[in-house]
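Structure, as structure tokens:
The values are calculated or read from the model by the stated rules, or taken from the named source; none is laboratory data. What you are looking at is a predicted structure, and each value in this text was computed from that prediction instead of being measured. Using ideal geometry, Cβ is built from the backbone for each residue, glycine included, and neighbour counts are taken over all protein chains shown. For the accessible areas, the whole protein counts, side chains as well, though only heavy atoms, and no ligand, DNA or RNA atoms are used. Shrake-Rupley method; radii C 1.70, N 1.55, O 1.52, S 1.80 Å.
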Amino acid sequence: MGRMNGYTKLTGLLGHPVAHSISPLMHNEAFKITNKNYVYLCFDAKEEELEQKVEALKQLGARGWNCTMPDKIRMYELCDFLSPAAELIGAVNTVVNEEGKLYGYNTDGVGYMMSVQEAGFQIIGKKMTLIGAGGAAMAILVQAALDGVKEVSLFCRHGKSWNHAQEMTQRLNKETNCKVRLFDLANKELLKKEISESAILTNATNVGMAPNEDQSIIEDPTMFHAQLVVSDVIYNPRETKLMKLAKEAGCPTFNGLYMLLYQGAEAFRLWTGTDMPVAHIKEKYFREKE
């Protein structure tokens, strides 16, 4: 972000809570480095407020925005056009506003799979246990299946997202070579069994996110095994209770920071037509935070 003027284009983040986000630092630095006349701000928006706030951004002529929890699924419903990935996932995390028409994308899955590589792990051809059924979970599930993860055991609660998770499971089994199975998160014995056969366990829920750092989606450390990689899409706190428990059990872990970086880089490209200077952003905002 350079000096703002009458031509500055608005981008930002919609979600709740958003005050903790490092997205403004990342994007505004990238705008400055690439000499783009854009600014990125945070807008707190609960799910029930989203439609009103999106309409306001349209009226203001905003270039685009990101959506984070809990707004990704509702944002999907508000878009005029959807990318193939967003359509399949049923959730949107990046919007481009083309003269009042909203184009919805989902860059979370790509961001996650790149973050696995960045953390130094290889999961292609292996089995994953994935917890969650929201926008982030579905994005990770779809991209993992498309990229060649051999099996995914998906665990979620019986609730409003269950039917969508079921449809997604059936569709991916039909359209990809990945074997996807859906299980009830309440079945702890089954969860333990599936984790024991997995190379990676991923928490794609917001359980353990600030201000609820004392919570973990898994409380029983005997569920972990030393060969298991444990990842969390949460990056605030940097080390969730789930990651602490896994580390104590001897598991390598990583958080959602690089997922955030790489999904953000794709959003930046969609808004500006220019690649984000990822190496610079990583060095400035991510390295010292690991």
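Expected output is a single nm value to one decimal: the length gained when fully extending between Tyr7 and Glu197, i.e. 0.36 nm times separation in residues minus the C-alpha distance. What is it? Write down the numbers at each step before the final one.
Numbers: separation 190, 0.36 × 190 = 68.40 nm, distance 5.47 nm.
Fully extending the segment from Tyr7 to Glu197 adds 62.9 nm.
Going by the alpha-carbon gyration tensor, a ≥ b ≥ c the square roots of its eigenvalues, is region 1-134 rounded (a/c under 1.5) or, if a/c is not under 1.5, prolate (a/b greater than b/c) versus oblate?
On the way: a/c = 1.93, a/b = 1.35, b/c = 1.44.
Oblate is the answer for region 1-134, as a/c is 1.5 or above yet b/c matches or exceeds a/b.
Report the gain in length on full extension from Glu248 to Asp275: 0.36 nm times residue separation, minus Cα-Cα distance, nm rounded to one decimal. Each step should come with its number before you reach the end.
Values: separation 27, 0.36 × 27 = 9.72 nm, distance 3.88 nm.
Working it through step by step, the gained length comes to 5.8 nm.
Which links in Lys72/Lys174; Lys58/Lys282; Lys150/Lys193; Lys58/Lys160; Lys46/Lys160; Lys192/Lys244 stretch past 20 Å when you go from one Cα to the other? Before the final figure, lay out each step's value.
Values: Lys72/Lys174 25 Å; Lys58/Lys282 31 Å; Lys150/Lys193 17 Å; Lys58/Lys160 29 Å; Lys46/Lys160 17 Å; Lys192/Lys244 18 Å.
As for pairs spanning more than 20 Å Cα to Cα, those are Lys72/Lys174; Lys58/Lys282; Lys58/Lys160.
I'd like to check one number: the per residue accessible area of the chain, probe 1.4 Å, reported in Å² as a whole number. Write out the running numbers ahead of the final one.
On the way: 13000 Å² over 290 residues.
Averaged over the residues of the chain, the accessible area is 45 Å².
Could you go through region 8-18 in sequence order and give the Karplus-derived ³J(HN,Hα) for each residue, using 6.51 cos²θ - 1.76 cosθ + 1.60 with θ = phi - 60°, rounded to whole Hz, and x for Gly and Pro?
These are the phi-based 3J(HN,Hα) values: 5, 8, 8, 10, x, 10, 10, x, 8, x, 10 Hz.
Can you tell me the FRET efficiency between Thr34 and Glu77 if r is taken as the Cβ-Cβ distance and R0 is 30 Å, rounded to the nearest 0.05?
Details: r = 32 Å, r/R0 = 1.08.
Given R0 = 30 Å and the Cβ-Cβ separation, E is 0.40.
Taking R0 as 30 Å, what's the FRET efficiency between Leu41 and Gln215 from their Cβ-Cβ distance, rounded to 0.05? Write down the numbers at each step before the final one.
Values: r = 29 Å, r/R0 = 0.98.
That gives a FRET efficiency of 0.55.
With both partners inside the chain, how many of the DSSP beta bridges are antiparallel, as a percent to the nearest 5? Before the final figure, lay out the partial values.
Numbers: 8 of 42 bridges.
Around 20 percent of the beta bridges assigned by DSSP in the chain are antiparallel ones.
Sort 138-150, 241-253 for me by packing, meaning the mean count of neighbouring Cβ atoms within 10 Å per residue, highest on top.
138-150, 241-253
Counting DSSP beta bridges in region 38-168, what percent are antiparallel, to the nearest 5? Mind showing how you got there, number by number?
On the way: 8 of 15 bridges.
Of the beta bridges lying entirely in region 38-168, close to 55 percent run antiparallel.
Suppose each label sits 7 Å from its Cα in the direction of the beta carbon; what would the Lys150-Glu49 distance come out to in nanometres?
Here the modelled spin labels are 4.7 nm apart.
If you plug each phi of region 19-32 into the Karplus form 6.51 cos²θ - 1.76 cosθ + 1.60 with θ = phi - 60°, what whole-Hz ³J(HN,Hα) values come out, in order, with x for Gly and Pro?
Each residue's phi maps through the Karplus curve to give 4, 7, 5, 9, 4, x, 4, 4, 6, 5, 5, 5, 4, 5 Hz.
Between His20 and Asn177, what is the FRET efficiency for a Förster distance of 35 Å, r being their Cβ-Cβ separation, to the nearest 0.05? Present the calculation step by step, with values, prior to reporting the outcome.
Values: r = 38 Å, r/R0 = 1.10.
Calculated value: 0.35.
Cβ under 13 Å from Lys53's Cβ, Lys53 left aside: what net charge do those residues give with Lys, Arg +1 and Asp, Glu -1? Display every interim value, and only then the final one.
Details: positive: Lys46, Lys58, Arg74; negative: Asp44, Glu47, Glu48, Glu49, Glu51, Glu55, Asp71.
Charge balance near Lys53 sits at -4.
I'd like the carbon and sulfur percentage of the solvent accessible area for region 78-154, probe radius 1.4 Å, heavy atoms only, ligands and nucleic acids excluded.
On the way: 1290 of 2530 Å².
The nonpolar share, carbon plus sulfur, comes to 51 percent.
Under 10 Å from the Cβ of Thr205, count the other residues' Cβ atoms, weight Lys and Arg +1, Asp and Glu -1, and hand me the total. Display every interim value, and only then the final one.
Values: positive: Arg157; negative: Asp232.
Here the charged neighbours net out to 0.
Per-residue ellipticity at 222 nm for the chain, helices alone: DSSP H runs ≥ 4 residues times -39500 (n - 2.57), over residue total, nearest 500 deg cm²/dmol? Could you put the intermediate results ahead of the total?
Details: 11 runs with 109 residues, N = 290.
-11000 deg cm²/dmol, from helical runs alone.
Determine the sum of side-chain charges near Ile217: Lys and Arg each +1, Asp and Glu each -1, restricted to other residues whose C-beta is under 10 angstrom from that of Ile217. Write out the running numbers ahead of the final one.
Values: positive: Lys241; negative: Glu219, Asp232.
Here the count lands on -1.
Under the rule of at least 5 residues apart or a separate chain, name every residue whose amide H is placed under 5 Å from the amide H of Tyr38.
Close amide H contacts, sequence-distant or interchain: Gly2, Lys9.
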